[in-house]
Amino acid sequence: MAELEASTTAGARRARPISPHLQIYRPMLTMMMSIVHRITGAALYFGFLLLAWWLIAAASGPNAYANFEWFIGSFIGRVVLFGYTWALLHHMLGGIRHLIWDTLHGFEPAEREWLTLATIVGSITLTVLVWIVGYLAMGGPR
Amino acid sequence: MIGQHPNEMRTPMRRVRGLGPAHTGTGHFWHQRVTSAAGVLLSIALIVIAIALLGRSHAAAVQILASPLVAILMLLFIVNSAYHMWIGMQEIILDYVHEDKAKLFSLLANTFFCFAVAFASAFAILKLSFGV
Ligand code: HEM
Ligand code: HEM
């Protein structure tokens with residue numbers, strides 16, 4: 001209280017009651033997935049630079065393209081590309097979930113848990129599948 | 001407060017202008033949904049195209065990227081995603097950045113970033129397509 005009065009007399013803005021945020025809630029899968037949707041969205045945002053680099057390199061000529069291929073073929077490049085694949089697929093499935101929710105379907109407790117679980121399981125499965133197909137297309141890991 | 005609904009939290013001026021904190025209304029919400037729906041198809045297209053290009057020589061990659069269908073799908077992906085992520089990042093900024101100058105700066109940076117990557121990527125596709 002003393003603090004409060006001091007700040008009022010000092011002419012500062014009075015401390016107002018604020019609503020609780022994330023930390024007071026028991027973590028739930030749907031909550032975590034909401035956070036992951038935002039994080040993957042932001043990751044894809046900056047990941048767009050990678051796409052731009054790839055296209056500009058292709059347009060610039062063989063040397064620039066070789067530089068890009070060197071990066072993407074390196075260990076870090078592979079990890080980044082794998083992460084981008086997963087982020088895109090996860091964000092896409094999460095987005096489809098959002099679109100389903102926008103039609104006011106899928107809000108029953110069991111349904112929303114199921115949808116959320118399907119997002120994470122689906123995105124991991126699809127990412128692995130895409131990479132298997134990718135390696136097959138290249139004729140084995142490099 | 002003539003004519004104001006008892007539960008209305010907006011001031012009459014806000015209602016007249018029809019503006020929220022982003023200075024535009026629900027339009028962005030809807031555009032986010034439209035670009036999401038298109039994004040599903042276009043992202044699948046991007047993944048297929050990327051797989052088709054894996055491990056190919058520069059000449060072969062150029063040939064694929066420059067073919068009309070691939071180039072059009074790539075351009076659609078670029079434009080659709082740029083708008084989608086511009087709205088999305090604006091939403092994130094408005095959730096977390098409240099100080100006026102920082103907000104203005106981040107909103108500007110968001111716009112510059114999205115325009116820059118989209119134009120650079122689209123330019124690359126066009127250059128490949130028209131072969132100059
Ligand atoms: C990434 C997933 C997250 C989502 C979807 C999310 C969502 C939100 C939303 C919707 C708001 C309300 C914004 C407003 O209307 O003012 C908010 C506020 C806030 N979030 Fe998060 N949040 C996330 C992660 C985090 C994390 C990881 C932190 C802390 C490290 C955090 C800290 C805060 C704080 C401090 C506010 C209050 C900001 C303010 O209004 O002054 N959030 N968040
Ligand atoms: C490169 C591609 C993409 C990028 C860079 C991107 C980026 C973003 C960003 C930054 C957000 C804001 C996140 C937030 O407010 O929490 C967002 C939201 C969203 N994204 Fe994406 N996204 C991409 C692809 C997609 C795709 C393919 C879908 C397909 C369904 C999608 C569906 C959504 C939806 C529905 C939202 C709104 C979620 C909400 O209202 O909380 N996005 N995206």
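Identify the single condition in (1) crowded, with 19+ Cβ neighbours inside 10 Å; (2) within 19 Å of B:ILE49 (Cβ to Cβ) that A:HIS90 does not satisfy, given that it satisfies every other one.
(2)
If you take the residues in region A:29-67 that are among the β-branched types (Val, Ile, Thr) and more than 11 Å from every other protein chain (Cβ to nearest Cβ), which one is farthest from ligand 1 (Cβ to nearest atom)? Steps first, please.
Narrowing region A:29-67 to residues among the β-branched types (Val, Ile, Thr): A:30, A:35-36, A:39-40, A:56.
From what is left, the residues that are more than 11 Å from every other protein chain (Cβ to nearest Cβ) are A:30, A:35-36.
Working: A:THR30: 11, A:ILE35: 3, A:VAL36: 8 Å.
The selected residue is A:THR30.
Does A:THR85 meet the test of being within 11 Å of chain B (Cβ to nearest Cβ) and polar (S, T, N, Q)?
Numbers: within 11 Å of chain B (Cβ to nearest Cβ): yes; polar (S, T, N, Q): yes.
In short, yes.
Give the residues of region A:128-142 that are at the interface with chain B (Cβ under 10 Å from one of its Cβ atoms), part of a helix (DSSP H, G or I) and out of contact with any Pro (no Cβ under 8 Å at 6 or more places or on another chain), sorted by residue number.
Initially, region A:128-142 is screened for residues at the interface with chain B (Cβ under 10 Å from one of its Cβ atoms), giving A:130-131, A:133-140, A:142.
If we keep only those that are part of a helix (DSSP H, G or I) as well, we get A:130-131, A:133-138.
Within region A:128-142, A:VAL130, A:TRP131, A:VAL133, A:GLY134, A:LEU136, A:ALA137, A:MET138 meet the criteria.
When you check B:PHE115 against the structure, is it of a type in the set (Phe, Trp, Tyr), at pLDDT below 95 and loosely packed, with under 15 Cβ neighbours inside 10 Å, yes or no?
Numbers: of a type in the set (Phe, Trp, Tyr): yes; at pLDDT below 95: no; loosely packed, with under 15 Cβ neighbours inside 10 Å: yes.
Spelling it out, it is not the case that B:PHE115 is of a type in the set (Phe, Trp, Tyr), at pLDDT below 95 and loosely packed, with under 15 Cβ neighbours inside 10 Å.
So A:PRO109 ticks every box in (1) in contact with a helix residue (DSSP H, G or I) (Cβ under 6 Å, 6 or more places away or on another chain); (2) at pLDDT below 95; (3) not aliphatic (A, V, I, L, M) but one. Which box is left unticked?
All conditions pass for A:PRO109, except number (1).
Which residue is nearest to the other protein chains (Cβ to nearest Cβ), if the candidates are limited to region B:100-132 and must be of a type in the set (Val, Ile, Thr) and over 21 Å from B:LEU46 (Cα atoms)? Talk me through it step by step, then tell me what you get.
First, the residues of region B:100-132 that are of a type in the set (Val, Ile, Thr): B:111, B:117, B:125, B:132.
Right, trim to over 21 Å from B:LEU46 (Cα atoms) and you get B:111, B:132.
Values: B:THR111: 13, B:VAL132: 10 Å.
The extreme case among them is B:VAL132.
Can you name the residue in region B:86-99 that is among the hydrophobic types (A, V, I, L, M, F, W, C) and more than 8 Å from chain A (Cβ to nearest Cβ) and is also surrounded by the most Cβ atoms within 10 Å (Cβ to Cβ) among such residues?
Start the filter on region B:86-99 by keeping residues that are among the hydrophobic types (A, V, I, L, M, F, W, C), which leaves B:86-87, B:89, B:92-94, B:97.
Checking which are more than 8 Å from chain A (Cβ to nearest Cβ) leaves us with B:86-87, B:93-94, B:97.
Values: B:TRP86: 22, B:ILE87: 18, B:ILE93: 18, B:LEU94: 15, B:VAL97: 15.
Checking each candidate, the answer is B:TRP86.
Any residue at all in region B:28-44 that's more than 19 Å from A:ARG97 (Cβ to Cβ), crowded, with 16+ Cβ neighbours inside 10 Å and facing another protein chain (nearest Cβ under 9 Å)?
Looking through region B:28-44, none of the residues is more than 19 Å from A:ARG97 (Cβ to Cβ), crowded, with 16+ Cβ neighbours inside 10 Å and facing another protein chain (nearest Cβ under 9 Å).
Which residues, counting only those in region A:104-113, are exposed (fewer than 15 other Cβ atoms within 10 Å of the Cβ) and either within 16 Å of ligand 1 (Cβ to nearest atom) or part of a helix (DSSP H, G or I) (or both)?
Hits for region A:104-113 are A:PRO109, A:ALA110, A:GLU111, A:GLU113.
The values are calculated or read from the model by the stated rules, or taken from the named source; none is laboratory data. None of the values given here were measured: they were computed from a predicted structure. For neighbour counting, all protein chains shown are included, and Cβ atoms are generated from backbone atoms with ideal geometry for every residue, glycine included.
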